[in-house]
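Nothing in this text is a laboratory measurement; each read-out follows from the coordinates by a stated rule. What you see is a predicted model; the values in this text were computed from it and never measured. As a convention, Cβ positions derive from the backbone with ideal geometry for all residues, glycine included, and neighbour counts pool all protein chains shown.
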Amino acid sequence: MRLIHFALALMLFAGYEITARAAQAPAPPGPTPKTIGAGGTATVSATIQAIDETNRLVTLKFDDGTVNTVLAGPEVRRFNELKVGDKVTFRYHESAVLQLHKAGTPAPPSSVKEGLERSTGPKPGGTMAQQVTATVTVEAIDPALPSITVKTEDGDRVTYHVEDKKNLEGVAVGDRIEITFTRALMISVSDAK
């Protein structure tokens with residue numbers, strides 16, 4: 001549930017830039033639900049400085065000069081293909097989409113989807129992804145502050161400051177907000193140049 005609180009705060013109430021987003025699926029009969037979304041990607045690169053094959057430790061020097069040693073657990077296949085000087089690229093993507101469902105209309109049930117896809121190239125790598133969907137119910141709106149109070153599926157009540165009053169337009173007590181929070185980490189390794 002912590003992810004859902006974070007995504008809700010990120011999207012509507014923490015002042016991050018929010019962009020309009022069209023629904024991906026065909027719209028159901030009736031009024032089209034209001035949908036907003038935001039996301040971003042960060043890329044960090046490092047060079048392998050040392051490899052401890054016995055303990056499966058890899059020392060990485062990042063582009064900003066910091067050095068960190070990480071454990072390459074048994075899930076890291078083709079560990080023996082890593083070489084000092086190889087470049088490791090980490091790409092992290094995070095996004096959240098909120099869809100407003102008017103009171104009385106059905107919202108999908110909560111779900112958690114996770115996946116792991118391994119690289120098929122000569123070096124280790126792959127993508128780990130997680131998508132969490134949950135719904136909160138609007139309990140109160142204070143346009144003067146502005147703020148909104150929501151109730152989570154497990155009964156928690158949380159109040160958030162709303163940075164942009166436009167995000168409250170069309171929202172009423174009893175409406176439900178479906179939150180889909182997605183994050184993915186892609187790791188790739190390339191030969192030393």
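Under a straight-distance cross-link criterion of Cα-Cα below 21 Å, which lysines are reachable from residue 123, leaving out those fewer than 8 residues away in the same chain?
Cross-link targets: 61, 83, 87, 193.
By per-residue mean of other Cβ atoms within 10 Å, what is the highest-first order of 179-185, 39-45?
The packing order, highest mean first, is 179-185, 39-45.
Stretched out fully, how many nm does the piece from residue 172 to residue 131 gain, at 0.36 nm a residue minus the Cα gap?
12.1 nm
Output wanted: per-residue J couplings in Hz (rounded whole) for the stretch 156-173, from phi through Karplus 6.51 cos²θ - 1.76 cosθ + 1.60, θ = phi - 60°, x for Gly and Pro.
Each residue's phi maps through the Karplus curve to give 5, 10, 9, 10, 10, 6, 9, 5, 10, 4, 4, 5, 8, 4, x, 9, 10, 4 Hz.
Would you grab the residues whose amide H sits under 5 Å from the one on residue 162? Only those 5+ places off in sequence or on another chain, please, with H modelled 1.01 Å from N.
147, 148
Order the peptides 114-120, 98-104, 155-161 from the highest to the lowest mean number of other Cβ atoms within 10 Å of their residues. Could the numbers behind the result be given before it?
Numbers: 114-120: 11.0, 98-104: 16.4, 155-161: 13.0.
In decreasing order of mean packing, 114-120, 98-104, 155-161 become 98-104, 155-161, 114-120.
Please list, short to long, the whole-number percent of alpha-carbon pairs of the stretch 58-107 in consecutive 10 angstrom bins beginning at zero.
16, 33, 17, 11, 15, 8
Report the local net charge at residue 86: Lys and Arg +1, Asp and Glu -1, summed over other residues whose C-beta lies under 13 Å from its C-beta.
Numbers: positive: 61, 78, 83, 87, 123, 193; negative: 81, 191.
Every neighbour counted, the sum reads +4.
Stick to the Cα atoms of the stretch 100-193, pair each with every other, and give me the Kirkwood hydrodynamic radius in Å at one decimal.
After inverting the mean inverse Cα-Cα distance, the result is 16.1 Å.
Label residue 140 and residue 93 with points 7 Å out from Cα along Cα→Cβ: what is the distance between them in nm?
My value for the distance between the label points is 4.0 nm.
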